[in-house]
2 protein chains.
Amino acid sequence: MKRIAIDMDEVVADLIPKHLTLFNRDYEETLTIEDLKNTKLKFLRPHLHDEICGYLEDPTFFRDLEVIEGSQEVIQELHEHYEIFIATAAMDYPTSFTAKYEWLKEHFPFLNDQNFVFCGNKSIIHADYLIDDHPNKFEGFVGQGILFTAAHNLQETNYVRVNNWQEIRAFFLE
Amino acid sequence: MKRIAIDMDEVVADLIPKHLTLFNRDYEETLTIEDLKNTKLKFLRPHLHDEICGYLEDPTFFRDLEVIEGSQEVIQELHEHYEIFIATAAMDYPTSFTAKYEWLKEHFPFLNDQNFVFCGNKSIIHADYLIDDHPNKFEGFVGQGILFTAAHNLQETNYVRVNNWQEIRAFFLE
């Protein structure tokens, strides 16, 4: 059975809407996802870099993110034909461990927590495929990287790209 | 550069002495490491299984464990010749994430936290070697398993065995 490793943030967990909402509220801005095309909030407002990253250091930030549309249904279906691991770069925000774990248990109860991986450098992942929104996570990865479209990666052309979970379903199951 | 993945508990973090001390105190026993040869505390006192595992669910349990003798010096030396990852089955005790992370930062400050992996099933680890005290962690592991001697694994004969960190040094550097 082939193995698919799946990133969390911006692949199954919808981080940007919450991040933007908190930022707009606190800094009286009206930024939208359109403003984040080919960039990130921290690059768009570099003078607020630490504050912008600070939201993600709140131990509860990752606990109530929305689930990316279609990810639950498609992963449940993939789970019957592939070995599924969740591989998240949790070491970037060590305060997020518990929230990320609880979030996965809540929204993906059919996955075994022995298949959760909180890591940093994803070249440590031994899998046939890695679905991730950050192309740099494919560096040194032994399998095939599959780029999940996010505002910040629209210009990347080096990898197979999927725009949503229906396209992932088509790639793996059709 | 070849890559070595290293388990935490009973390989770099000395879990058993603290566990035994707490158990002996609370249940008025005088068990020693000798009593754990080829077994584990939870098998030796099965009627107290939940209580015995309960100690490890305390979020602070893993924070103040002693460092296994020689591990810091040898890992620092290995670090010059190999890519070092720490791979711990933290999903067994999800309450342990923060304590394990802080412990590693304190005792192995020369390691990059991007090389810490909190996982369950270690077949996900892509490395040339895995040093672990649990032989079942080598199932499906793509590299060579190296068994670190612990009381519970004395009868295991299927893997290269190292009895201490000096033997690891000899294996990798001599």
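The values are calculated or read from the model by the stated rules, or taken from the named source; none is laboratory data. Please read all numbers here as calculations on a predicted model, not as lab measurements. Quick reminder, even Gly has a Cβ in these numbers, built from the backbone with ideal geometry, and neighbours come from all protein chains shown.
Could you list, in sequence order, all residues of the range A:52-70 that are surrounded by 14 or more Cβ atoms within 10 Å (Cβ to Cβ) and either more than 19 Å from the chain's Cα centre (by Cα) or acidic (Asp, Glu) (or both)? The one that is surrounded by 14 or more Cβ atoms within 10 Å (Cβ to Cβ) and either more than 19 Å from the chain's Cα centre (by Cα) or acidic (Asp, Glu) (or both): A:ASP58.
Checking the stated criteria, B:ALA99 turns out to be modelled with pLDDT of 95 or more, within 14 Å of another protein chain (Cβ to nearest Cβ), more than 20 Å from A:HIS126 (Cβ to Cβ) and surrounded by fewer than 21 Cβ atoms within 10 Å (Cβ to Cβ).
Being assigned to a strand (DSSP E or B), away from chain A (no Cβ under 14 Å) and either in contact (Cβ under 8 Å) with a residue 12 or more places away in the chain or within 18 Å of the chain's Cα centre (by Cα) (or both) is a property that B:ILE84 lacks.
Can you name the residue in the range A:127-174 that is assigned to a strand (DSSP E or B) and in contact with a Ser or Thr (Cβ under 8 Å, 6 or more places away or on another chain) and is also surrounded by the fewest Cβ atoms within 10 Å (Cβ to Cβ) among such residues?
A:ARG161
A:THR21 falls short on exactly one of the conditions (1) surrounded by fewer than 13 Cβ atoms within 10 Å (Cβ to Cβ); (2) in contact with an Asp or Glu (Cβ under 9 Å, 6 or more places away or on another chain); (3) among the hydroxyl-bearing types (Ser, Thr, Tyr), and that condition is (2). When B:LEU15 is tested against (1) within 14 Å of chain A (Cβ to nearest Cβ); (2) within 23 Å of A:GLN114 (Cα to Cα), just one condition goes unmet, and that condition is (1). Within the range A:152-170, residues that are touching a residue at least 40 places away in the same chain (Cβ under 8 Å) reach partners that are of a type outside the set (Val, Ile, Thr) and in a helix (DSSP H, G or I) with beta carbons closer than 6 Å, at six or more positions or on different chains, in the pairs A:TRP165/A:SER71.
Scanning the range B:79-92 for residues that are surrounded by 20 or more Cβ atoms within 10 Å (Cβ to Cβ) and in contact with a Leu (Cβ under 9 Å, 6 or more places away or on another chain) yields B:ILE84, B:PHE85, B:ILE86, B:ALA87, B:THR88.
Screening the range B:103-124 for residues that are facing another protein chain (nearest Cβ under 7 Å) and of a type in the set (Phe, Trp, Tyr) and picking the one that is farthest from B:GLU139 (Cα to Cα) gives B:PHE116.
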